[in-house]
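Read the structure below first, then the notes.
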Amino acid sequence: MKRSILIILTLLLGLVPLGTAAWPKQTSASDRPFHFGFKRSENGQLPSINEEGFKEIIDRNGAVFLGDTAKKELYLTFDNGYENGYTPPILDVLKAKQVPAVFFVTGHYVKDQPELVKRMAAEGHIIGNHSWSHPDMTTISDAKIKEELERVRAAVAELTGIQEMKYVRPPRGIFSDRTLETSGEAGYRSIFWSIAYKDWDTRDQKGADYAYRKVVSQLHPGAVLLLHSVSSDNAQALGRIIDEARRQGYTFKALTELPAAGRGTAEKDGTS
């Protein structure tokens, strides 16, 4: 009460121009940043985001963490921030195995590797948006978020002729309610993941067998796999991973085959 009276008196006295705040602006709940994380799958059990604090935000914005967990389906996704020489062999394996994937590209990648972007599209893969400059989107305005996304879409369209881009992966896995909503307003569905491991550090590659074990040990129905194309381990292990997943009865699907409303939880069958 005393604070409210003080604000009114201050404004009336002209000490603070009308329309400005007398106290520092408080961060809106919709702007609270989250780093995406999840409880990993073990022994075929479903992973979970139930204890991460952002499940409601994922669900409300129709973002994807899992596909249909009643089916042994897998969705293969790659993040392409820069090229390290391994995307061509990855594409070779996908072509030989007839597996669809989505490649989330940055502005740098589009400018630096136009022929690979065109090859992705020509071979039937989806090209997703990973933003132009890979910023923490929770620190930039709605208008800037849309600009980041539009620059990638336009550049990819110029290269491939494909005008529409439907899927976005938040840079660095950092997001908020506002950033997901803003991406949705721009026509995008945000795609997270339910299988991942530390594959992005090019100075800490541990061999194809390690990559194979890390991915296969996490397989579960409806999984969205996140792999980084800069990893030599991934390039070497990818064919074996695909073969083993199929041996276990899994099929690989394109993101366009995801359920209309993505599930952000693994509670359907009571597991977590």
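The values are calculated or read from the model by the stated rules, or taken from the named source; none is laboratory data. What you see is a predicted model; the values in this text were computed from it and never measured. Heads up, the Cβs are rebuilt from the backbone with ideal geometry, glycines too, and the neighbour counts pull from every protein chain shown. The protein model used for the area step is the full one, side chains on, heavy atoms only, and it has no ligands, DNA or RNA in it. Shrake-Rupley method; radii C 1.70, N 1.55, O 1.52, S 1.80 Å.
Mind checking whether some residue in the range 143-154 is in contact with a strand residue (DSSP E or B) (Cβ under 8 Å, 6 or more places away or on another chain), closer than 26 Å to Phe36 by Cβ, of a type in the set (D, E, K, R) and open to solvent by less than 30 Å² (accessible area, probe 1.4 Å)?
No: the range 143-154 contains no residue that is in contact with a strand residue (DSSP E or B) (Cβ under 8 Å, 6 or more places away or on another chain), closer than 26 Å to Phe36 by Cβ, of a type in the set (D, E, K, R) and open to solvent by less than 30 Å² (accessible area, probe 1.4 Å).
Across the range 218-233, what is the total count of residues that are within 14 Å of Lys198 (Cα to Cα), assigned to a loop (DSSP other than H, G, I, E, B) and of a type in the set (Gly, Ala, Ser)?
The total comes to 2.
Could you list all residues from the range 162-187 that are closer than 26 Å to Lys118 by Cα, over 9 Å from the mean Cα position of the chain (by Cα) and crowded, with 22+ Cβ neighbours inside 10 Å?
Result: Ser183, single match.
Let's see how each residue does on (1) assigned to a helix (DSSP H, G or I); (2) in contact (Cβ under 8 Å) with a residue 24 or more places away in the chain:
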{"site": "Arg151", "(1), (2)": "yes, yes"}
{"site": "Ala154", "(1), (2)": "yes, no"}
{"site": "Glu158", "(1), (2)": "yes, no"}
{"site": "Glu164", "(1), (2)": "no, no"}
{"site": "Gly187", "(1), (2)": "no, no"}
{"site": "Lys198", "(1), (2)": "no, no"}
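Go through the range 218-262 and count every residue that is over 29 Å from Thr202 (Cβ atoms) and either buried (at least 20 other Cβ atoms within 10 Å of the Cβ) or more than 18 Å from the chain's Cα centre (by Cα) (or both).
Qualifying residue count for the region: 8.
For the range 102-135, name all the residues that are surrounded by fewer than 17 Cβ atoms within 10 Å (Cβ to Cβ) and under 29 Å from Phe34 (Cβ atoms).
Across the range 102-135, the qualifying residues are His108, Ser133, Pro135.
Conditions: (1) surrounded by fewer than 22 Cβ atoms within 10 Å (Cβ to Cβ); (2) within 26 Å of Arg213 (Cα to Cα); (3) in contact (Cβ under 8 Å) with a residue 12 or more places away in the chain. Pro47 meets all but one. Number of the miss?
Here Pro47 clears every test but (1).
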